[in-house]
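I have placed the structure first, in the form of structure tokens, so that the comments after it can refer back to it.
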Amino acid sequence: MITPEISSLQLRDITEISEMLAVERLQKEIWGIEDREIFPALALVPMIEVGGVLIGAFDEKGLAGFVFGFAGLENGKASLHSDMLAVRPEYRRHGLGYQLKLAQRERALEKGIDTITWTFDPLQARNARLNFGKLGVIADSYRINYYGETTSFLHQSGTDRLWVTWKLNSERVRDRVAGPRSDISRNDDVVNVVCVSENEEPLVFSIEEFVERNTGGPPVARDFAIEIPGDINRITERDATLTLRWREATRAAFTKLIDGGYRVSEFHFIDGPAGRVGRYLLTVRTTISD
């Protein structure tokens with residue numbers, strides 16, 4: 001297979017109805033959803049008119065990917081909520097999603113907006129690496145079954161989501177998007193509350209003994225780690241019930257820690273007993289500006 005060249009793509013704002021219809025088609029192709037769950041082109045028109053951002057990446061075949069966000073309010077301040085990011089399979093693992101997010105950041109800053117939010121499935125390790133490692137988001141909200149039941153083949157284990165915040169002008173974000181960089185520095189002196197076993201089962205450890213709530217005192221441990229499989233989609237193809245166990249284990253860990261005053265601050269890959277493993281780092285919540 002010929003590797004596509006990202007440099008050959010044209011990234012630009014989508015303004016024509018014909019191209020918005022291509023956005024409809026790509027949603028169905030990428031997510032396998034029924035027509036009733038597609039975000040319609042006719043709704044995109046007025047949302048762009050009042051501050052939404054729709055950027056497409058085009059090659060000789062047409063639309064290779066897109067990112068869409070609509071105007072919103074976060075704590076009474078203007079923001080952009082990035083609702084959709086889709087990339088054709090042949091352009092995955094080549095950085096197109098990252099380039100679309102950088103273009104979205106640029107458009108938001110041009111509009112005087114310094115905050116973008118979105119949601120993603122915390123079991124998807126590659127998305128977590130993009131969001132935390134390359135873009136510099138943070139997350140202090142976990143939404144259980146956020147979109148309810150859908151027709152997408154990607155949602156067999158439900159639609160739990162981490163709500164992430166991208167502070168576009170923060171030092172953290174400017175550093176992450178400045179250019180090529182090595183993986184984030186890792187703190188291995190943490191309490192592991194969910195680990196990946198040799199057979200890729202979730203190993204769950206007690207959180208309560210480490211987190212003091214409603215006492216006014218600081219937590220006993222400042223940093224926690226939640227591991228996930230490096231490729232949850234491969235596990236789902238083999239054993240969908242195992243994916244459900246991963247959903248339950250990570251949901252319990254994320255919600256307990258976030259409710260206890262922690263936030264998700266980093267993500268990286270490590271070598272585990274069954275291969276590559278994703279690892280979230282959760283730290284005591286201070287401010288959402290860094």
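Remarks
- Check on Ala225, in contact with a Pro (Cβ under 6 Å, 6 or more places away or on another chain) and either at pLDDT below 75 or small (Gly, Ala, Ser) (or both): no
- Counting only helices (runs of 4 or more DSSP H) that fall entirely inside region 95-178 and contain at least 2 residues that are of a type in the set (A, V, I, L, M) and over 26 Å from Arg36 (Cα atoms), the qualifying elements are 96-110, 125-128.
- Within region 1-42, the residues that satisfy the criterion of being surrounded by fewer than 14 Cβ atoms within 10 Å (Cβ to Cβ), aliphatic (A, V, I, L, M) and closer than 26 Å to Ile113 by Cβ are Ile17, Leu42.
- Per the conditions (1) surrounded by 15 or more Cβ atoms within 10 Å (Cβ to Cβ); (2) part of a helix (DSSP H, G or I); (3) among the charged types (D, E, K, R), the sole criterion not satisfied by Asp83 is (2).
- Selection within region 17-60 - within 18 Å of Gly97 (Cα to Cα) and either β-branched (Val, Ile, Thr) or part of a loop (DSSP other than H, G, I, E, B) (or both): Val23, Ile30, Val53, Ile55
- Hits in region 253-269 - residues which are under 19 Å from the mean Cα position of the chain (by Cα) and either in a helix (DSSP H, G or I) or farther than 15 Å from Pro122 by Cα (or both): Ala253, Phe254, Thr255, Leu257, Ile258, Tyr262
- Residue satisfying all of: in region 43-75; touching a strand residue (DSSP E or B) at 6+ places or on another chain (Cβ under 7 Å) and among the β-branched types (Val, Ile, Thr); surrounded by the fewest Cβ atoms within 10 Å (Cβ to Cβ) among these: Val50
- Taking the criterion of being closer than 17 Å to Leu21 by Cβ, among the acidic types (Asp, Glu) and more than 21 Å from the chain's Cα centre (by Cα), the only residue of region 35-87 that qualifies is Asp35.
- Selection count where residues are more than 14 Å from Ile113 (Cβ to Cβ) and of a type outside the set (Gly, Ala, Ser), scope region 50-75: 10
The values are calculated or read from the model by the stated rules, or taken from the named source; none is laboratory data. All figures in this text were calculated on a predicted structure; none of them were measured in a lab. For neighbour counting, all protein chains shown are included, and Cβ atoms are generated from backbone atoms with ideal geometry for every residue, glycine included.
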